[in-house]
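A.B. asks: Pasting a structure here, questions to come.
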Amino acid sequence: MPAFRDFNFKLLVIEKLMYEDETLTPAFSIDECLRAKGIEDAQLYAFDNDLAYTVLEESRAYFEALEISEELLATVDTLLIDGVHQVYYECSPVWDGEDDLFDVGSLDDLDLLPNLRLISGAQDCGLGVPFKEEILTARGIASD
């Protein structure tokens with residue numbers, strides 16, 4: 001299975017496949033995961049344990065270990081950068097989008113997406129250096 005180098009880039013791919021296309025199943029739910037541990041409120045749990053603006057360990061462990069086949073990766077032709085992704089809630093139930101918790105640090109993982117043709121939101125996301133237009137254009141990827 002292909003290995004991602006940038007956790008936050010992997011989350012963008014997971015958002016597309018798991019929560020948008022629903023082809024990567026089963027969908028992870030932090031609420032269900034915590035309920036299985038006897039924790040009823042993910043947001044309260046995050047606040048009470050000073051985890052409000054971090055990726056919960058349960059989520060990080062799940063998503064880091066998640067294997068995505070080359071066949072599924074080949075179906076990704078677009079990615080959307082948006083602070084309201086479901087995967088971000090599943091990682092950090094009270095995250096408000098006001099910090100760099102989910103900023104992509106590298107585009108090295110573009111090699112894993114042979115059919116990627118568009119990254120939407122890259123120009124408005126404030127994610128900076130990795131999404132320079134010339135880098136994407138050189139790979140045949142449009143951005144808006």
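A.B. asks: Within region 32-55, can you find the residues that are crowded, with 17+ Cβ neighbours inside 10 Å and assigned to a helix (DSSP H, G or I)?
C.D. replies: Cys33, Leu34, Ala42, Tyr45, Ala46
A.B. asks: Continuing with the same structure: In this structure, does Glu64 turn out to be charged (D, E, K, R), open to solvent by 40 Å² or more (accessible area, probe 1.4 Å) and closer than 16 Å to Leu110 by Cα? Please lay out each step first, then the result.
C.D. replies: Working: charged (D, E, K, R): yes; open to solvent by 40 Å² or more (accessible area, probe 1.4 Å): yes; closer than 16 Å to Leu110 by Cα: no.
The answer is no for Glu64.
A.B. asks: If a residue has to be surrounded by 15 or more Cβ atoms within 10 Å (Cβ to Cβ) and among the β-branched types (Val, Ile, Thr) to count, how many in region 16-31 make the cut?
C.D. replies: 1
A.B. asks: Can I ask one more? Residue pairs, Cβ under 6 Å, 6 or more apart or interchain, first in region 33-49 and more than 15 Å from Tyr62 (Cβ to Cβ) and among the β-branched types (Val, Ile, Thr), second assigned to a helix (DSSP H, G or I) and at pLDDT 95 or above. List them.
C.D. replies: Close Cβ pairs satisfying both conditions: Ile39/Tyr45.
This table checks each residue for (1) within 15 Å of Lys16 (Cα to Cα); (2) outside any helix (DSSP H, G or I); (3) open to solvent by 30 Å² or more (accessible area, probe 1.4 Å); (4) in contact (Cβ under 8 Å) with a residue 24 or more places away in the chain.
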| residue | (1), (2), (3), (4) |
| --- | --- |
| Arg60 | no, no, yes, yes |
| Val76 | yes, yes, no, yes |
| Glu90 | yes, no, no, yes |
| Leu101 | no, yes, yes, yes |
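A.B. asks: Now, a different point. Just one of the numbered conditions (1) surrounded by 14 or more Cβ atoms within 10 Å (Cβ to Cβ); (2) among the small types (Gly, Ala, Ser); (3) under 14 Å from the mean Cα position of the chain (by Cα); (4) farther than 16 Å from Phe9 by Cβ is not true of Gly97; which one?
C.D. replies: Checking Gly97 against (1) surrounded by 14 or more Cβ atoms within 10 Å (Cβ to Cβ); (2) among the small types (Gly, Ala, Ser); (3) under 14 Å from the mean Cα position of the chain (by Cα); (4) farther than 16 Å from Phe9 by Cβ, the one that fails is (1).
Every residue, every condition in (1) open to solvent by 20 Å² or more (accessible area, probe 1.4 Å); (2) part of a helix (DSSP H, G or I), yes or no:
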position	(1), (2)
Leu79	no, no
Asp82	yes, no
Val87	no, yes
Val104	no, no
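The values are calculated or read from the model by the stated rules, or taken from the named source; none is laboratory data. The model shown is predicted, which means the values in this text are computed figures rather than measured ones. Note that we place each Cβ from the backbone using ideal geometry, even for glycine, and neighbour counts take in every protein chain shown. Just so you know, the surface numbers come from the protein's heavy atoms only, side chains and all, with ligands and any DNA or RNA stripped out. Shrake-Rupley method; radii C 1.70, N 1.55, O 1.52, S 1.80 Å.
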